[in-house]
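Structure first, then comments.
The values are calculated or read from the model by the stated rules, or taken from the named source; none is laboratory data. Please read these numbers as outputs of a predicted model, since none were measured by experiment. When we count neighbours, we look across all protein chains shown, and the Cβ atoms used for this are built from the backbone with ideal geometry, even at glycine. Just the protein is used for accessible areas: all its heavy atoms, side chains included, with ligands, DNA and RNA removed. Shrake-Rupley method; radii C 1.70, N 1.55, O 1.52, S 1.80 Å.
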Amino acid sequence: MNVRVRIGLAGVLAALSVAFGAPRQTLEGQARNSPPMAPVFEVDPLWPKPLPNHWVLGSLGGIAVDDQDHIWVLNRGSRTLADNFKQLEKNPPWAICCASPPAVLEFDQNGNLLRNWGGFPGGPGYEWFDQEHGLAIDHNGHVWLGGGAGGDSHLLKFTKDGSFVKQFGKRNARLTAGDPAGPPAKRVYKANSHDTESLGRPAKVVIDAKANEAYVADGYLNTRVVVMDVTTGAIKRFWGAYGNKPDDSVFENASVTGDQSATGYDPKAPPAQQFRHAVHCVALSKDGIVYVCDRQNNRVQVFTREGKFLKETYILKDTRNAGAVWDIAFSADPQQTYMYIGDGENELIHVLRRDTLEELTAFGDGGRQPGQFYGVHVIATDSKGNLYTAETYEGHRVQRFLFKGVKPVTKKYQGVVWPGSAK
């Protein structure tokens, strides 16, 4: 793994001293003689509780934790379910099971489903998405949603009970040819990463409460980070990789997924000076640092709030297809000492030190049992340090990983963190 900017041992020790409250002299000895420390997790196989109404989750496009430690999930629903999981949706029903729940689901810490609402085709004053992608809860208790396919070039904001508040951007703003109501195969969309009114298939949004700003990973068609006013939706600034002016022409023929020839990614080539599709996530730390998932370039880029490039790191740089850097979440300690990276191609959660971007360990594996992943897509943490994951493709699952403290790293790749594995 390459890290372009490094800090010295003294800086690492000082940060560790703050995080763990240990004397610096002791930490110096640990740094020389002991393995590194990292958060440890175990999967909670009984969370959440079974859904009511014979509901079955589809592919999941977003996850967030609110100030009550409630977990919000964005479900892509019937369009992603096999026919035999939609028998209750027939008229008349063909069997007593199954159907998709609505798009937005709220769970409590015990795994109970509290609220559910939303979905295609939308409601008065707004249109729904072609593919749900990205969910955030802001400091005013509003739920923000995005979409990452087709004509999705907008964001929607709702109250927690599903009442529509505002739309930011215009649907089908990127459509250049074809009937928006006609066959999708005949529609043509073109990126415009300089547009100051609409987006281009945004993948994720996070909120800066202090500045009343929303950061958007924009995204699956455009290739930029956008900063918007939370109240008005006005686009205040945007930037591309390394803080460069976005240039959509560089990767305009690269598909969102596919093999190396389709994406054009070459791990031996010089670092790409533009984001590649998809700019899949943006995360804002408490100290005002912006982290961006340049997914198919297998890298995290780090910026100031104004878009000044600070540093970058690569994760499993030889990864092809959909890339290794899908989503980012932070540890729950006040300094947010650790950073977690969801990797839906290698089916891992990578654990890094946030200050140095050094990867300490990783856990997970491909599969359908608890603690395994099938397209680990988006991740979030709660105030207790627990980690939540939601899966795309045929994963159709949300999981909770219980935080078991910070312990010495004994394995670089831990495999499945089954209950009892953290002892």
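Which one of these is more than 27 Å from Gly151 (Cβ to Cβ) and small (Gly, Ala, Ser): Gly58, Gly141?
Numbers: Gly58 fails: more than 27 Å from Gly151 (Cβ to Cβ).
Gly141 is the lone residue from the list that is more than 27 Å from Gly151 (Cβ to Cβ) and small (Gly, Ala, Ser).
Okay, residues lined up against (1) under 25 Å from Gly118 (Cβ atoms); (2) of a type in the set (Ser, Thr, Tyr); (3) at pLDDT 95 or above:
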| site | (1), (2), (3) |
| --- | --- |
| Lys160 | yes, no, yes |
| Phe164 | yes, no, yes |
| Gly169 | yes, no, yes |
| Leu175 | yes, no, yes |
| Pro180 | yes, no, no |
| Pro183 | no, no, no |
| Ala191 | no, no, yes |
| Glu197 | yes, no, yes |
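Check every one of the strands (runs of 3 or more DSSP E) wholly within segment 284-365 and list those with 2 or more residues that are of a type in the set (A, V, I, L, M). Give the derivation first.
On the way: elements: 290-294, 299-303, 309-314, 327-330, 338-343, 348-353, 359-363.
Counting at least 2 such residues, we get 290-294, 299-303, 327-330, 338-343, 348-353, 359-363.
Criterion first (open to solvent by 20 Å² or more (accessible area, probe 1.4 Å), modelled with pLDDT of 95 or more and either over 20 Å from Ser285 (Cβ atoms) or part of a loop (DSSP other than H, G, I, E, B) (or both)) does Ala211 satisfy it? Steps first, please.
Working: open to solvent by 20 Å² or more (accessible area, probe 1.4 Å): yes; modelled with pLDDT of 95 or more: yes; either over 20 Å from Ser285 (Cβ atoms) or part of a loop (DSSP other than H, G, I, E, B) (or both): yes.
Considered against the rule, which asks whether it is open to solvent by 20 Å² or more (accessible area, probe 1.4 Å), modelled with pLDDT of 95 or more and either over 20 Å from Ser285 (Cβ atoms) or part of a loop (DSSP other than H, G, I, E, B) (or both), Ala211 comes out as yes.
Given the conditions (1) open to solvent by 20 Å² or more (accessible area, probe 1.4 Å); (2) modelled with pLDDT of 95 or more, which single one is not true for Gly125?
(2)
In segment 134-178, which residue that is of a type in the set (Lys, Arg) and outside any strand (DSSP E or B) is most open to solvent (accessible area, probe 1.4 Å)?
Lys170
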